[in-house]
Amino acid sequence: LSEGKSVHPSVITIRVFAEVAERKKTVDALLRKVDVFPFDLLVIAEADEAATHIYVSKVAVARRSRTLGTQAAAWLRPTDSTIYEYDPPQLVPSTPPESEQHPSDAAQIDSVDAEHRSQFVSSWRRTRCAIIEGAPGVGKSFAARQFALALASPAQPKIHSVQFHQSFGYEDFVGGWKPVKDGFDWQTGVLIDAAKAARESPSTPVVLVIDEINRGNISKIFGEMLTLIEGTKRNADCGLLVPQDNGARLPWHLPPNLYLLGLMNTADRTLALIDFAIRRRFAFLRLRTLVGTSRFGSLLSGFGVSEALASRISAAYDQTNRLISESVQLGDGFEIGHSYFCVPKAPAQSESAWYREIYELQILPLLREYSAGNADLLKQLTKAIDPDSIERVSSGVGETGTT
C-alpha cells in the first residue's frame, strides 16, 4: 500500500467449533489444500472454549510473499509461530468464446425430467411468475437458466438478475431517490429496467431472475407490484400509479413478455416463510437432489471417480438423505444436493483426497449447521458418509477399478 500498488485481497471465513478435535480437523484440512487458492496471505482466527475471546492461531503465506508473512506474524502473534508457506496457482485471465460463457454448465446435471420441465414452463407462461425452491446444492441456479431457455425456445431470452437481501428495498426494485454527490437523484429499480428492456423487444421473453427471493421483505420490496406482476393484469386497463420519472406517479403496467423467476432456499432457518399472497401469484417447483440416481453415478464417473467409489457415495448419501427427509427436525428441504460433487477431480489428485476435501470443507460444515448442536443427530447423519466409512466399504477395489 505504501508503494501505491493495487491490492486485491481474498478472504476465507472459517466457522470454528467449540470442540478442539473438530477445530483442529477443520484447520488442518484447509492448510492441506491452501495451495489451490490464489491469494498471498491466510490468517486463521479461532475462539476459546467459552467463545468469549478470539485469537490468531496460524498464518500461511505464498512463497512469493515471505516478507508479508513475516510482518503479519510479527503483528498478529499467532499461537503457532510456524509460518506455513505454499505455492498458489497463477491466475491467467481469459475471455471464453460466446458459446462458452457458462462453463459451469458442463459440470452440472439437470434436476428436472422432460415431462416436469414442460409442465412447469407451461404454468410459468400462464402466471408469468414462478419460484424454484430446494435445498442447497440441488442446482436451482442452473435450472433457472435451463427454464429460461426452454421458455424462449427457439429464441434466446434476455436474462436480468438480482439478489434479495435484508437491506434490499422498494427503491432498489422499483425506484427511489438515491444520494449522490450534489444531493439526491431519482433512479429506477431493476424491475422497471427489466420492464423497459421487455417493451423494447416485445417478441422476446425477458426473464428477471431473483436469487434468494425469500431473503428480503417481499411485501415491502414489491409494493404495488404484487398486483401488477400477475399474469392476468399485464395490460393498460389494470395499470396503477407507479413512481417513475423523478418520482412522478404515472399510470403503468408490466409488459406481458416479462417473466419473473425466483430462487428460494428451503434450508435456511433465518428466512421468512413466503406468504399466501405470493404463493397465489407464483407457480412453485421444488427441486430434489439427484444423489443416489443413475445420472449422479454417471456424473461422478465422468469426473474420473471409479465406479466402486461412485456407487458407495451414491448409496451412502441416499441413506443419509432419507434420514434427513424423515427427521422431524429437518425434512426434505434440507437434503444434501448433488451440486457439491460437481467438481472434477484434479489429474494428480487421488479420488479419496477429492472426496475428503468435499466432505470436510463443505458437507460436514453443512451437517453441523443442520444439527444445531445436537451431537447425536450429527453422528447419525455422518455415520455412512464419513470418509473413513466410505473408504472401508470400497477398500476392496482400487481407484482403477481392480482389486
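The values are calculated or read from the model by the stated rules, or taken from the named source; none is laboratory data. Being a predicted model, the structure only gives us computed values, none of them experimental. Here the Cβ is made from the backbone with ideal geometry for all residues, glycine too, and neighbour counts use every protein chain on show. For accessibility, only protein heavy atoms count, side chains too; no ligands or nucleic acids. Shrake-Rupley method; radii C 1.70, N 1.55, O 1.52, S 1.80 Å.
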- Dipole magnitude (debye, nearest 20) for segment 140-258, charges at Cβ of Lys, Arg, Asp, Glu: 260
- Sites His116 and Leu41, calculated FRET efficiency, Cβ-Cβ separation with R0 51 Å, nearest 0.05: 0.60
- Message: Given R₀ = 51 Å, what would the calculated FRET efficiency be for Ala348 paired with Thr204, taking r from the Cβ atoms and rounding to 0.05?
- Response: 0.65
- How large is ³J(HN,Hα) for each residue in segment 63-75, as worked out from phi by the Karplus curve 6.51 cos²θ - 1.76 cosθ + 1.60 (θ = phi - 60°), to whole Hz, x for Gly and Pro? 4, 6, 10, 4, 4, 4, x, 5, 5, 5, 5, 5, 7
- What's the center-to-center distance, using Cα atoms, between segment 68-86 and segment 332-387 in Å? 31
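Pairs Lys58/Lys345; Lys58/Lys181; Lys181/Lys220; Lys345/Lys383: which are spaced more than 32 Å apart, C-alpha to C-alpha? Kindly include the intermediate steps, with their values, before the conclusion.
On the way: Lys58/Lys345 28 Å; Lys58/Lys181 43 Å; Lys181/Lys220 27 Å; Lys345/Lys383 24 Å.
Pairs exceeding 32 Å: Lys58/Lys181.
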- In segment 169-234, what percent of the accessible surface is made up of carbon and sulfur (1.4 Å probe, ligands and nucleic acids excluded)? 50
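Can you work out the accessible area per residue across segment 241-358, with the rest of the protein chains kept in place, probe 1.4 Å, in square angstrom? Write down the numbers at each step before the final one.
Values: 5250 Å² over 118 residues.
Heavy-atom accessible area per residue stands at 44 Å².
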- Task: At 1.4 Å probe size, with every protein chain present, just tell me what the per residue accessible area of segment 155-233 comes to in Å².
- Result: 48
- Item | Point-to-point label distance, Tyr86-Ala29, nm (Cα→Cβ direction, 7 Å offset) | 1.4
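Give the shape of segment 222-265 as rounded, prolate or oblate, defined through the alpha-carbon gyration tensor: a ≥ b ≥ c are the square roots of its eigenvalues, a/c under 1.5 means rounded, and otherwise the shape is prolate if a/b is larger than b/c and oblate if not.
Working: a/c = 2.32, a/b = 1.44, b/c = 1.61.
Taking the square roots of the gyration eigenvalues as a ≥ b ≥ c, segment 222-265 is oblate.
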- Item | Exposure ranking of Asp237, Asp40 by accessible area [1.4 Å probe, largest first] | Asp237, Asp40
- Note on the structure: A chain fully extended from Leu361 to Lys220 at 0.36 nm per residue, minus the present Cα-Cα distance, gains in nm 47.1 nm
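Taking all protein chains as present, what is the carbon and sulfur share of the accessible area of segment 283-403, in % to the nearest whole number, probe 1.4 Å? Kindly include the intermediate steps, with their values, before the conclusion.
Numbers: 2850 of 5590 Å².
That fraction is 51 percent.
In segment 220-326, which GluC sites (Glu not before Pro) fall in coil by DSSP and have 15 or fewer other Cβ atoms within 10 Å? Could you put the intermediate results ahead of the total?
On the way: sites: Glu224, Glu230, Glu307, Glu326; in loops: Glu224, Glu230.
Passing sites in segment 220-326 are Glu224.
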